[in-house]
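Peer 1: Attaching a single structure in structure tokens format; questions to follow.
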Amino acid sequence: GESVGLHLPTLSVQEGDNSIINCAYSNSASDYFIWYKQESGKGPQFIIDIRSNMDKRQGQRVTVLLNKTVKHLSLQIAATQPGDSAVYFCAAHGNGQNFVFGPGTRLSVLP
Amino acid sequence: GAGVSQTPSNKVTEKGKYVELRCDPISGHTALYWYRQSLGQGPEFLIYFQGTGAADDSGLPNDRFFAVRPEGSVSTLKIQRTERGDSAVYLCASSLSGGYMNTEAFFGQGTRLTVV
């Protein structure tokens, strides 16, 4: 079955710098991916998604890159702000309606 | 309310007891999901409802876990004979339709279940 992992469990960046959070997935048939942000005590919140027929998608201050060749996904956050501090999860579409989440990266923004 | 509501927010129960966790989805959302999140891990899929029916229950770990959504709105996750390993945050999410693409799922804040 699908498995999703991340390269780094924690990431610290200076306020104003760009952040890059990485994710690897195992199932080459995965056709849809989502990045979520989870703040303490809250449920995951949708950030951005990307279909497998794309390699890049941009939102407000966020960009997702998809490399299907190496089954790698990244989330880039521009001009990181204190409010960006949270745990970030990538999720890959598995079978049917379910998604497989990675273990998450905790982003800490330093003043 | 405007979002997905889960009650209780915290539940402590003794090993072997039965628990029910409730999810009120966003009004009008036909799709409802339950996930389980252990400490330091990402959410793990349990079950998906489209309307009243459980369209995908492949994530339920064993027959102690059961979920219902009798009127296509509120859902209850039921756990029998709880074990300490069931301790986790149980998350509910709903989306406007059942398609997994381009239909954003909104998560509740979760119910933290602790089995002692």
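Peer 1: Would you say B:G28 is free of Cβ contacts under 8 Å to residues at least 12 places away in the same chain and under 17 Å from B:G108 (Cα atoms)? Let's see the steps before the verdict.
Peer 2: Values: free of Cβ contacts under 8 Å to residues at least 12 places away in the same chain: no; under 17 Å from B:G108 (Cα atoms): yes.
Criteria not met by B:G28.
Peer 1: A further question on this structure: For region A:39-73, how many residues meet the condition of being within 24 Å of B:C92 (Cβ to Cβ) and over 11 Å from the mean Cα position of the chain (by Cα)? Lay out the reasoning, then the answer.
Peer 2: Taking region A:39-73 as the starting set, the residues that turn out to be within 24 Å of B:C92 (Cβ to Cβ) are A:39-49.
Next, only the ones that are over 11 Å from the mean Cα position of the chain (by Cα) stay: A:39-45.
Selection size over region A:39-73: 7.
Peer 1: Can you tell me which of B:C92, B:C23 is more than 10 Å from chain A (Cβ to nearest Cβ) and not in a helix (DSSP H, G or I)? Spell out how you get there, then give the answer.
Peer 2: Details: B:C92 fails: more than 10 Å from chain A (Cβ to nearest Cβ).
Every option except B:C23 fails the conditions.
Peer 1: Kindly indicate whether any position in region A:55-72 is part of a loop (DSSP other than H, G, I, E, B), aliphatic (A, V, I, L, M), more than 12 Å from chain B (Cβ to nearest Cβ) and over 27 Å from B:L60 (Cα atoms).
Peer 2: Step one: of region A:55-72, the residues part of a loop (DSSP other than H, G, I, E, B) are A:55, A:59-61, A:68-71.
Restricting the remaining residues to those that are aliphatic (A, V, I, L, M) gives A:70.
Next cut, more than 12 Å from chain B (Cβ to nearest Cβ) only: A:70.
Subsequent filtering for residues that are over 27 Å from B:L60 (Cα atoms) retains A:70.
For region A:55-72, residues part of a loop (DSSP other than H, G, I, E, B), aliphatic (A, V, I, L, M), more than 12 Å from chain B (Cβ to nearest Cβ) and over 27 Å from B:L60 (Cα atoms): present.
Peer 1: Also, I was wondering about something else. Among (1) under 15 Å from the mean Cα position of the chain (by Cα); (2) more than 7 Å from chain B (Cβ to nearest Cβ); (3) not in a loop (DSSP other than H, G, I, E, B), there is one condition A:V109 misses while meeting the rest; what is its number?
Peer 2: For A:V109, the exception is condition (1).
Peer 1: If you scan region B:50-70, which residues turn out to be modelled with pLDDT under 95, out of contact with any Phe, Trp or Tyr (no Cβ under 6 Å at 6 or more places or on another chain) and either more than 14 Å from chain A (Cβ to nearest Cβ) or assigned to a strand (DSSP E or B) (or both)?
Peer 2: B:Q50, B:T52, B:G53, B:A54
The values are calculated or read from the model by the stated rules, or taken from the named source; none is laboratory data. These figures come from a predicted structure and were not determined experimentally. When we count neighbours, we look across all protein chains shown, and the Cβ atoms used for this are built from the backbone with ideal geometry, even at glycine.
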